[in-house]
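Report on the structure given below.
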Amino acid sequence: MNEILVKVITSCQGLTPNSTYQVLIGKRTPSTLYFAKKHQLEAYFGLFPQLKKSDWGQVLAQQASRQDYSNTKLSFLAALLDYRQGMVFPQSRQKRYEAYLLLVQAASQLAYGQKRYVTVTQDWEVQQFVKAYFSQLRIQGREAFTASFYQEWARLLEDWPQDQADFLLSQFSGHDLPALAAEDWLDLLQGQAFSLARQFVLGRLDQALESAEGCPYLIYFKKGLDRRFPAWKPSADLTLKGLDQGASLAEVQARRGLKASTLADHLIEVAIFDCDRFLPELGRALGKGPESFYAEKAPEDFATFQDQYGDQAFWLYRVWQIANLEAEGGNFARA
């Protein structure tokens, strides 16, 4: 049986079939995003967009009476699956991955003084982002930068399994990276599997930089990616930009002609990836310190929340729940 499917089924056992189905097809609603985060199914979000509900039901029914696959030795691809960034908006995810590839290519070319080369991506936005990154660093000595840059890679990959570290490095186009050529890996991973492995390993890189230490160049790049190609959908980003410019929720809703429910959906989607952004607002509404929402459990349900704190909006309650998940390690727990 396909090892990826085995892994998905094992992770979904005991959960509501309809909710797991919505996760697998990538239904981008606040409730589905929250369900995926709560049950650590982020990697599987949108993994099977063409899956039929009847087929998913049959698969679950068939596996209920079969053997336990929990001890199955995972293949290289299946072992990387948990690092797939399924909930990141697809267009942003692709641009982020291409930006990492171009970053290392540009750094390698810089080390050799090459100013003209064919870039690994033709995406203009990605090219401009990487160009701006190097401009902002105002690099004075390319030898010093190159040495520090490669030292950061060594530090970052120190705890990775050797095969995953080698595969990641094999994706980068450069002169002197100590890795297998990408073509060598094609002998092991053919066609779609190779493409998926590339996505998953770049996802692991992106996640690793969330908590990396001693990698200032890479962390600076990662923070820029988060701002330029955010994980949430573009419409939610427009709402967020309006708030960042000082507009109130009511003003953003009026300017954009949004329903109150749509505005709330945008806020919840952003909070799934960055709940810290809304904790001050939650604190002001409930008369609590922002950091308290990590330690203090949210009320059991929304009705209880309103009984305790008055007629507050549902999105505030959801932000509190998300903060609880963050405190429990729900964010990237599989990594």
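Within the stretch 267-289, the residues that satisfy the criterion of being within 28 Å of the chain's Cα centre (by Cα) and closer than 14 Å to L316 by Cβ are L267, I268, V270, A271, C275, R277, F278, L279, P280, E281, L282, G283.
Look through the stretch 86-129, keep the residues that are of a type in the set (S, T, Y) and not in a loop (DSSP other than H, G, I, E, B), and return whichever of them is farthest from L218 (Cα to Cα).
Looking at residues that are of a type in the set (S, T, Y) and not in a loop (DSSP other than H, G, I, E, B), I get S92.
If you go through the stretch 14-40 and pick out every residue that is assigned to a helix (DSSP H, G or I), surrounded by fewer than 19 Cβ atoms within 10 Å (Cβ to Cβ) and polar (S, T, N, Q), you end up with 3. Contact map, the stretch 285-307: residues that are not assigned by TED's automatic domain parsing to the domain that holds R318 and among the basic types (K, R) paired with residues that are assigned to a loop (DSSP other than H, G, I, E, B) and modelled with pLDDT under 95, Cβ distance under 7 Å, separation 6+ or inter-chain. No pairs are found.
If you check L60, L51 for being at pLDDT below 95 and part of a loop (DSSP other than H, G, I, E, B), only one passes: L51.
Residues that are surrounded by fewer than 17 Cβ atoms within 10 Å (Cβ to Cβ) and of a type outside the set (D, E, K, R) within the stretch 218-237 comprise Y220, G224, P234, S235, listed in sequence order.
From the list F200, F194, the one residue that fits, being within 19 Å of E3 (Cα to Cα) and modelled with pLDDT of 90 or more, is F200. Taking only the stretch 189-236 into account, find how many residues are at positive phi and either basic (K, R) or touching a residue at least 24 places away in the same chain (Cβ under 8 Å) (or both). Number satisfying all stated conditions: 1.
Whether any residue in the stretch 102-114 is among the hydroxyl-bearing types (S, T, Y), without any contact (Cβ under 8 Å) to a residue 60 or more places away in the chain and farther than 26 Å from F200 by Cβ is what I want to check.
Among the residues of the stretch 102-114, not one is among the hydroxyl-bearing types (S, T, Y), without any contact (Cβ under 8 Å) to a residue 60 or more places away in the chain and farther than 26 Å from F200 by Cβ, which makes the answer no.
Among the numbered conditions (1) of a type in the set (S, T, N, Q); (2) at pLDDT 90 or above; (3) not in a helix (DSSP H, G or I), the only one that S70 does not meet is (2).
The values are calculated or read from the model by the stated rules, or taken from the named source; none is laboratory data. Just so you know, these numbers come straight off a predicted model, no measurement behind them. Every residue, glycine among them, receives a Cβ derived from its backbone with ideal geometry; neighbour counts consider all protein chains shown.
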